[in-house]
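**Student:** Dropping the structure in here first, questions after.
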Amino acid sequence: MNILEDLKVQYKLGGIAYRLIYWNVGCFLISLVFFYQYQGGNFNFPSWIALKTDPAPFIYAPWTFLTYAFFHDGFLHLLFNMIILNFSSQLFLTYFTQKQFLGLYFLSAIFAGAVFVGSYYFMNISSGIVGASAAIMAILVAVTTYQPLMNVRLMLIGNVKLWHITAVILILDLMQFRLGNTGGHISHLSGALFGLVFIKLLQNGTDLSKLVSGVIDFAANLFNKSGKMPFKKVHKNYSKPIEKRESRIVTKDKSQQQIDEILDKISQSGYDSLTKEEKEFLFKVGK
């Protein structure tokens, strides 16, 4: 298989965390084509993508409270965020579902964006932000709140507690608060706060992610024209031997068992640990 086919399989089987990374990278590539000013060496994001503090843009484009969390203003900005997203998502998904992960990402981005807009509006400062940092901070702080004493092995350092890593990142944000990118740091800390609140509410029986999953389900039903699966009449042929039908079931069970084993291998060691034959098998099944 070529690299493109590998990416397709990884996108299909990698789960929501990998898909969010793909979406962020894809948005960055799109922004390079349409929004990068090569003469000035910077990005110029329009008001219908970046989150602006002026009331007019987000009144006419309220989706910017979410779209800003998928665009980045530089390669290093994207790279660092995707590394932290990959790290924190693996820890988060160890204890929580993919729907909760997606819900936390979306809701924390909206909350952090609202705090950023409100704080800058009262300070009478006109600005804008892009970046997934706030949502990523929410995910990291959420799993840290749930399992602060989890051991994490870092290269060249060894085993450290998860809360140590999170504390260092938060302290760095606080130290840079007045040095520049104040709006970005406000959104980061707001995302961290939302991650803490999300877990505390979840432990008390309130799952905020259901707000997002409910909206997604509603949208899916809205765009489903038929709303129901078309009726298909099934003709049964009773003349076929029972042994052959059982043989097909056994074959199907073996294939499903092989898929389950490969998925378990991916969850434990990652997609790159698969052999060439296993990748080809998944690609055929994905088709």
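FYI, it's all coordinate maths here, none of it is from the lab. What you are looking at is a predicted structure, and each value in this text was computed from that prediction instead of being measured. Note that we place each Cβ from the backbone using ideal geometry, even for glycine, and neighbour counts take in every protein chain shown.
**Student:** Arranged from highest to lowest average of other beta-carbon atoms within 10 Å per residue, in what order do the peptides 47-57, 145-155, 75-85 appear?
**Tutor:** In decreasing order of mean packing, 47-57, 145-155, 75-85 become 47-57, 75-85, 145-155.
**Student:** At what distance in nm do the modelled label points of Ile59 and Ile16 sit from each other, each positioned 7 Å from its Cα along Cα→Cβ?
**Tutor:** 3.4 nm
**Student:** Could you compute the net charge surrounding Leu202? Neighbours are other residues with a C-beta less than 15 Å from the C-beta of Leu202; K and R count +1, D and E count -1.
**Tutor:** Computed value for this residue: +2.
**Student:** So, counting K/R as plus one and D/E as minus one, what does the shell of residues with Cβ under 14 Å around Ser126 add up to?
**Tutor:** Residues near Ser126 contribute 0 overall.
**Student:** Let me ask something else. Which far-off residues, 5 or more places away or on another chain, put their amide H under 5 Å from the one on Met150, with H placed in the peptide plane?
**Tutor:** When sequence neighbours closer than 5 places are left aside, the close amide H contacts are Leu162, Trp163.
**Student:** FRET efficiency for Ala114 and Trp163, Cβ-Cβ distance as r, R0 = 45 Å, nearest 0.05?
**Tutor:** Once rounded, the FRET efficiency stands at 0.95.
**Student:** What full-extension length gain, to one decimal in nm, is calculated for Tyr38 and Val215 as 0.36 nm per residue of separation minus the Cα-Cα distance?
**Tutor:** Here the answer is 59.8 nm.
**Student:** Express in nm, to one decimal, how much length is gained between Asn2 and Met123 on full extension, taking 0.36 nm for each residue of separation and deducting their alpha carbon distance.
**Tutor:** Contour length minus the Cα-Cα distance gives 38.3 nm.
**Student:** Where the centroid of each part is defined by its Cα atoms, how far is the stretch 20-88 from the stretch 153-173 in Å?
**Tutor:** Each part reduced to its Cα centre gives a spacing of 27 Å.
**Student:** For Thr94 and Gln147 in one chain, what is 0.36 nm times their gap in residues minus the Cα-Cα distance, to one decimal in nm?
**Tutor:** Residue separation times 0.36 nm, minus the Cα-Cα distance, leaves 18.0 nm.
**Student:** Along Cα→Cβ, 7 Å out, is where each label goes; now give me the distance between the ones at Met155 and Leu201 in nm to one decimal.
**Tutor:** 3.8 nm
**Student:** While we're here: Taking other Cβ within 10 Å of each residue's Cβ, how do Phe28, Phe35, Phe92 sort, fewest first?
**Tutor:** Sorted ascending by nearby Cβ count, the order is Phe35, Phe28, Phe92.
**Student:** Which three extents, in whole angstrom, do the alpha-carbon atoms of the stretch 3-223 cover along their principal axes, largest first?
**Tutor:** For the stretch 3-223, the Cα spread along each principal axis is 45, 44, 38 Å.
**Student:** Under 16 Å from a point 7 Å along the Cα-to-Cβ line of Gln176: which residues of the stretch 124-149 have their amide N that close?
**Tutor:** Answer for the stretch 124-149: 129-138.
**Student:** Same structure, new question: Could you sort out which of Lys210/Lys265; Lys210/Lys284; Lys8/Lys99 sit more than 31 Å apart by Cα distance in this structure?
**Tutor:** Lys210/Lys284
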